[in-house]
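The values are calculated or read from the model by the stated rules, or taken from the named source; none is laboratory data. Because the structure is predicted, anything quoted here is derived from the model rather than measured. Virtual Cβ from ideal backbone geometry, glycine too; neighbours counted across all protein chains shown.
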Amino acid sequence: MEKKFGLYICTGCGIGEALDIEKLANMGPQLGAAVVKTHEFLCGDQGAQMIKSDIQNEGVNTVAIAACSPRVNFDVFNLPGVITERINLREHVVWSHTPNDEDTQMLAADYIRMGSAKVKKMELPEPHVEDDISRTVLVIGGGITGITAALGVAKAGYEAVIVEKEPQLGGFMNKMYKKLPTSWPFEKVEETGIDAKVQEVTSNPNIKVYTSATVEAIAGQPGKFDVTIGTNGGPVETQIGSVVLATGWKPYDASKLESYGYGQYPNVVTNVMFEEMAKNGQLTRPSDGRPAKNVAFIQCAGQRDENHLPYCSSVCCATSLKQATYVREKDPNAKAYIFYKDMRTPGQYELFYKSAQNDTGIFLTKGNVTNIAEDASNNLLLEVEDTLLGGPLSVSADLLVLATGMVPTTADEAILNLQYRQGPGLPDLELFNGFADSNFICFPYETRRTGVYSAGVVKMPQTIAESVDDATGAALKAIQVIESVAVGRAVHPRAGDETYPEFFLQRCTQCKRCTEECPFGTLDEDEKGTPKPNPNRCRRCGICLGACPERIISFKNYSIDIVASAVKSIDVPGEEENKPRVLAFVCENDAYPAFDMAGINHVTYDPNIRMIPVRCLGSVNTVWVADSLSNGIDGILMIGCKYGDDYQCHFAKGSELASYRMSKVQETLNRLVLESDRVQIIQLAINEYDQIPSIVNGFMEKIQEIGLNPYKGF
Ligand code: SF4
Ligand code: SF4
């Protein structure tokens with residue numbers, strides 16, 4: 001399309017008082033603007049109307065708005081069908097630099113040049129939309145989490161398919177006698193209510209249930225997953241739109257807990273076995289079938305122990321309290337003894353804990369069980385030290401219950417069986433011990449496989465009530481991804497983005513960097529190694545763009561050329577002016593808002609920096625670094641999110657990849673005979689804005705020490 005470019009400069013919020021606006025406006029025609037206007041309140045009705053009127057009446061179809069941060073007023077400046085770039089003169093210029101100063105003016109002028117250069121190269125996004133999107137959600141796991149997710153999906157008017165490996169729905173709740181209290185005063189255990197829930201599912205016409213079934217394969221992409229379900233009657237093929245993974249947990253293998261006497265003494269059982277006993281009506285000793293009158297519980301039987309499960313299973317303390325009430329309910333003369341490392345009963349469960357404390361038949365103490373022995377009558381003799389009572393204790397129990405922990409089903413079972421180049425399961429983080437939690441920053445349901453949402457205990461240990469909440473959230477996400485891909489929009493974290501990476505494959509050398517580095521498994525490969533995109537899996541991070549040595553991957557509004565044009569438009573002063581220029585590639589997720597926060601708090605820093613927002617630090621192609629240095633830029637900061645296993649990167653691996661790639665930039669610097677210190681990677685979180693002055697000013701000092709770029713003026 002032929003562009004008609006309008007440059008609009010706001011003079012409100014202190015911009016007009018701190019800058020020579022006339023000078024900035026006069027740059028417009030040279031930068032290709034057919035219309036240049038200023039306004040004292042561009043985000044007000046009149047200001048916004050002025051722009052819209054030029055679009056409607058003057059044929060303006062490309063707009064640069066030099067005003068506040070793009071992170072605010074995005075609704076006011078949302079101009080459908082118009083190429084739009086926001087130039088941040090407020091937070092990044094006048095609120096963080098000295099007013100009416102030559103350097104501040106130069107900074108503003110460069111940002112206007114850079115924004116204008118970008119809009120001239122940008123194009124309108126063309127959303128990738130595919131036909132025949134399925135609006136059915138596959139729910140794997142028919143326990144309370146899966147049941148709740150499926151009911152949520154069905155109540156919202158969508159269809160759900162449940163695949164459950166057991167012969168009936170209900171999961172672990174089928175084995176439970178009672179559940180923890182869910183309502184005030186949080187003192188009484190409650191009926192599980194699972195039968196009614198199962199009935200609700202089986203009578204819902206929008207839910208199809210496969211029991212004694214597993215998922216054999218999931219191929220394709222959100223909106224168009226081809227799923228093979230293995231059933232007793234043979235494989236069933238179906239197409240679904242998204243997946244809720246709700247396969248829950250299994251108990252920790254108690255045979256590894258010999259030190260607690262499990263497997264050695266018949267009257268040592270696990271909390272799961274005890275729950276089944278209660279459900280079956282009798283709390284009896286396995287050794288002789290006599291009623292258990294004195295029941296001891298040992299908390300953290302394997303949990304929070306590097307030799308077993310290093311994590312807290314979160315529900316075992318409340319579960320033992322609940323099971324102590326069973327002891328008391330079945331026989332008011334019976335006694336329960338609970339020995340714990342710490343009693344962890346968060347939230348309202350503290351009230352349940354208090355009610356157990358008030359029961360004289362439930363004895364609770366912190367303590368280490370140092371020895372367990374058995375007498376001739378199969379009673380268990382417990383030696384307990386470091387108790388709250390000050391001295392050691394000896395307790396004789398009819399029955400010992402080990403509060404064992406939860407292990408996610410994903411720890412060693414193939415469940416999803418994704419037909420992805422990058423493997424059949426969810427990428428695992430050591431940090432999460434096999435739980436399907438991706439540590440996906442800012443949104444807990446997201447996994448690194450677009451359209452697959454985990455919920456319930458498979459994600460992290462949690463109670464039934466928490467799993468129900470979790471399942472509802474996952475159901476909503478599963479619906480959201482279907483509706484998003486149906487109109488070609490991305491989901492978290494670039495929710496709503498309509499751009500999509502385009503691959504100019506004629507020049508692809510099959511180097512496989514993009515297919516290997518895409519954190520979301522978007523790119524499969526053909527037999528030669530050419531990427532085969534699955535567009536609906538894409539999160540639009542641009543990491544493939546950063547990876548590609550042939551520079552053949554681009555978005556309509558974010559490409560090698562667009563960013564390189566912005567870099568080239570920077571007015572680099574000659575050596576004699578002694579004004580260094582540092583370019584910062586700034587991640588739009590945390591680092592860019594941190595700079596906004598600095599502006600809002602009027603934190604000042606060196607004005608010789610120029611920032612380019614990037615989708616992810618992983619989207620920075622090394623050619624931008626090389627181009628910048630050849631253009632006389634003195635130093636480059638790459639500011640992104642924390643990386644490593646406990647990452648904060650919004651695209652999982654982006655900032656880590658950037659760091660790895662930049663170690664390779666060394667070669668480029670050597671070729672240009674430039675010092676490696678000219679490029680520095682910084683990890684910055686959104687709340688660390690107060691560190692910006694020391695980061696920027698410290699780097700400027702380093703550049704002064706090294707000396708200005710010898711390529712200046714070439
Ligand atoms: S790297 Fe990012 S932008 Fe590229 S294909 Fe993968 S998800 Fe999409
Ligand atoms: S990184 Fe570029 S050249 Fe390499 S396989 Fe991907 S598209 Fe082809």
| field | Counted residues, the stretch 583-641 - those being under 31 Å from the mean Cα position of the chain (by Cα) and either at positive phi or among the small types (Gly, Ala, Ser) (or both) | value | 9
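Here is a yes/no grid of residues against (1) at pLDDT below 95; (2) within 16 Å of ligand 2 (Cβ to nearest atom); (3) in the same structural domain as Pro99 (by TED's automatic domain parsing):
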| residue | (1), (2), (3) |
| --- | --- |
| Ile543 | no, yes, no |
| Asp561 | no, yes, no |
| Glu577 | yes, no, no |
| Val586 | no, no, no |
| Tyr592 | no, no, no |
| Met597 | no, no, no |
| Arg610 | no, no, no |
| Arg615 | no, no, no |
| Val625 | yes, no, no |
| field | Criterion violated by Ser554 - all others in (1) out of contact with any Cys (no Cβ under 9 Å at 6 or more places or on another chain); (2) within 16 Å of ligand 2 (Cβ to nearest atom); (3) in contact (Cβ under 8 Å) with a residue 60 or more places away in the chain satisfied | value | (3)
| field | the stretch 439-453 residues that are in contact (Cβ under 8 Å) with a residue 40 or more places away in the chain, paired with ones that are of a type in the set (D, E, K, R) and surrounded by 19 or more Cβ atoms within 10 Å (Cβ to Cβ) (beta carbon under 6 Å, 6 or more apart) | value | Phe440/Glu446; Thr450/Arg537; Tyr453/Lys477
| Of all residues making up the stretch 464-485, the number that are buried (at least 20 other Cβ atoms within 10 Å of the Cβ) and either small (Gly, Ala, Ser) or modelled with pLDDT under 95 (or both) | 6
| Mind checking whether some residue in the stretch 551-560 is more than 16 Å from ligand 1 (Cβ to nearest atom) and surrounded by fewer than 19 Cβ atoms within 10 Å (Cβ to Cβ)? | no
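Among the residues in the stretch 488-502, are any within 16 Å of ligand 2 (Cβ to nearest atom) and in contact with a Cys (Cβ under 8 Å, 6 or more places away or on another chain)?
yes
Which one of these is part of a helix (DSSP H, G or I), aliphatic (A, V, I, L, M) and more than 16 Å from ligand 1 (Cβ to nearest atom): Leu416, Leu476? Full working, then the answer.
Details: Leu416 fails: part of a helix (DSSP H, G or I).
Matching residue, one of Leu416, Leu476: Leu476.
Between Val491, Val487, which is within 16 Å of ligand 1 (Cβ to nearest atom) and within 21 Å of Arg615 (Cβ to Cβ)? Steps first, answer last, please.
Working: Val487 fails: within 16 Å of ligand 1 (Cβ to nearest atom).
That would be Val491, the only listed residue that is within 16 Å of ligand 1 (Cβ to nearest atom) and within 21 Å of Arg615 (Cβ to Cβ).
Taking the stretch 505-533 as the search range and keeping residues that are among the β-branched types (Val, Ile, Thr) and surrounded by 20 or more Cβ atoms within 10 Å (Cβ to Cβ), which one is nearest to ligand 2 (Cβ to nearest atom)? Before you say what the answer is, go through the steps one by one.
First pass over the stretch 505-533, keeping only residues among the β-branched types (Val, Ile, Thr): 509, 515, 522, 530.
Narrowing further to those that are surrounded by 20 or more Cβ atoms within 10 Å (Cβ to Cβ): 515, 522.
Details: Thr515: 6, Thr522: 11 Å.
Only one residue tops the list, namely Thr515.
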| Pairs, please: C-beta under 6 Å, at least 6 apart or cross-chain, first residue under 21 Å from Ala658 (Cα atoms) and in the stretch 502-517, second assigned to a helix (DSSP H, G or I) and within 7 Å of ligand 2 (Cβ to nearest atom)? | Arg513/Ala547; Cys514/Cys544; Cys514/Ala547; Glu517/Ala547
| Residue match in the stretch 652-665 (condition: touching a Lys or Arg at 6+ places or on another chain (Cβ under 8 Å), outside any helix (DSSP H, G or I) and not polar (S, T, N, Q)) | yes
| Checking Phe503 against (1) within 11 Å of ligand 1 (Cβ to nearest atom); (2) touching a Lys or Arg at 6+ places or on another chain (Cβ under 8 Å); (3) of a type in the set (A, V, I, L, M, F, W, C), the condition it does not meet | (2)
| said: Kindly evaluate Val407 against the criterion of being in contact with a Ser or Thr (Cβ under 7 Å, 6 or more places away or on another chain), in contact (Cβ under 8 Å) with a residue 40 or more places away in the chain and buried (at least 17 other Cβ atoms within 10 Å of the Cβ). | reply: no
| said: Quick check on Ala465: is it in contact (Cβ under 8 Å) with a residue 60 or more places away in the chain and either within 15 Å of Pro127 (Cβ to Cβ) or within 12 Å of ligand 1 (Cβ to nearest atom) (or both)? | reply: no
| said: Condition first: part of a loop (DSSP other than H, G, I, E, B), at negative phi and out of contact with any Lys or Arg (no Cβ under 7 Å at 6 or more places or on another chain). Now tell me which residues in the stretch 208-262 satisfy that. | reply: Thr211, Asn232, Gly233, Ala246, Thr247, Tyr252, Asp253, Leu257, Tyr262
| request: Taking Arg507 as meeting all but one of (1) more than 19 Å from Ile552 (Cα to Cα); (2) of a type in the set (D, E, K, R); (3) touching an Asp or Glu at 6+ places or on another chain (Cβ under 7 Å), write down the number of the exception. | output: (1)
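Hey, any hits in the stretch 573-582 for a residue that's out of contact with any Phe, Trp or Tyr (no Cβ under 9 Å at 6 or more places or on another chain), polar (S, T, N, Q) and surrounded by 20 or more Cβ atoms within 10 Å (Cβ to Cβ)?
Start the filter on the stretch 573-582 by keeping residues that are out of contact with any Phe, Trp or Tyr (no Cβ under 9 Å at 6 or more places or on another chain), which leaves 573-581.
Next, from what is left, pick out any that are polar (S, T, N, Q): 578.
Subsequent filtering for residues that are surrounded by 20 or more Cβ atoms within 10 Å (Cβ to Cβ) retains none.
Scanning the stretch 573-582 turns up no residue that is out of contact with any Phe, Trp or Tyr (no Cβ under 9 Å at 6 or more places or on another chain), polar (S, T, N, Q) and surrounded by 20 or more Cβ atoms within 10 Å (Cβ to Cβ).
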